[in-house]
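Derivation of every value follows stated rules applied to the coordinates shown; laboratory data play no part. Given the structure is predicted, the values throughout are model-derived calculations rather than measurements. Here Cβ is always computed from backbone atoms with ideal geometry, including for glycine, and neighbour counts include all displayed protein chains.
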Amino acid sequence: MVNLSRNHFRARSRERAYVERGEERDTTAPAQEMVLERAVLRTALLRLPERQRAAIVLRFYLDLPEDQAADALRCRPGTVRSLVSRGMQSLRTNMEERDA
């Protein structure tokens, strides 16, 4: 109990010292970058054929396993793997062209 109490008060002391120093990070720049990256990714996703886009969204955004994504797309799991692979390759190509 004594060690838990000491650890608690040490942590509170560190927190207080941090606040008193007034060290604040600029959180607006990373947030703006994330919004821009998300918009670029959305645009690249919209350029994909509908089935590839649906397969990628089901697998990565909704985090569905291949068999459930296949049920949703009414195809076989191998087809989902193929759609995701081709869609990801197209996304990579689109993103590289954008950066170039």
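Can you show me the helix-derived [θ] at 222 nm for the chain, built from DSSP H runs with n ≥ 4 at -39,500 (n - 2.57) apiece and divided by the number of residues, rounded to the nearest 500.
Values: 5 runs with 78 residues, N = 100.
Calculated from helices alone, the mean residue ellipticity at 222 nm is -25500 deg cm²/dmol.
In square nanometres, what is one fourth of the surface area of the convex hull spanned by the alpha carbons of the chain? Before the final figure, lay out each step's value.
Numbers: hull surface 46.0 nm².
One quarter of the hull surface, i.e. the mean projection, equals 11.5 nm².
Order these peptides, 43-50, 10-17, by their mean beta-carbon neighbour count within 10 angstrom, highest first. Write down the numbers at each step before the final one.
Values: 43-50: 13.4, 10-17: 10.0.
Highest to lowest by the protection proxy: 43-50, 10-17.
For region 50-100, compute Rg over Rh where Rg is the Cα radius of gyration and Rh is the Kirkwood radius from the inverse mean 1/r over Cα pairs. Intermediate values should be presented prior to the final figure.
Values: Rg = 11.6 Å, Rh = 11.0 Å.
Expressed as Rg/Rh, it is 1.05.
Arg86 versus Arg16, label points 7 Å from Cα toward the beta carbon: distance in nm?
Modelled inter-label distance: 6.4 nm.
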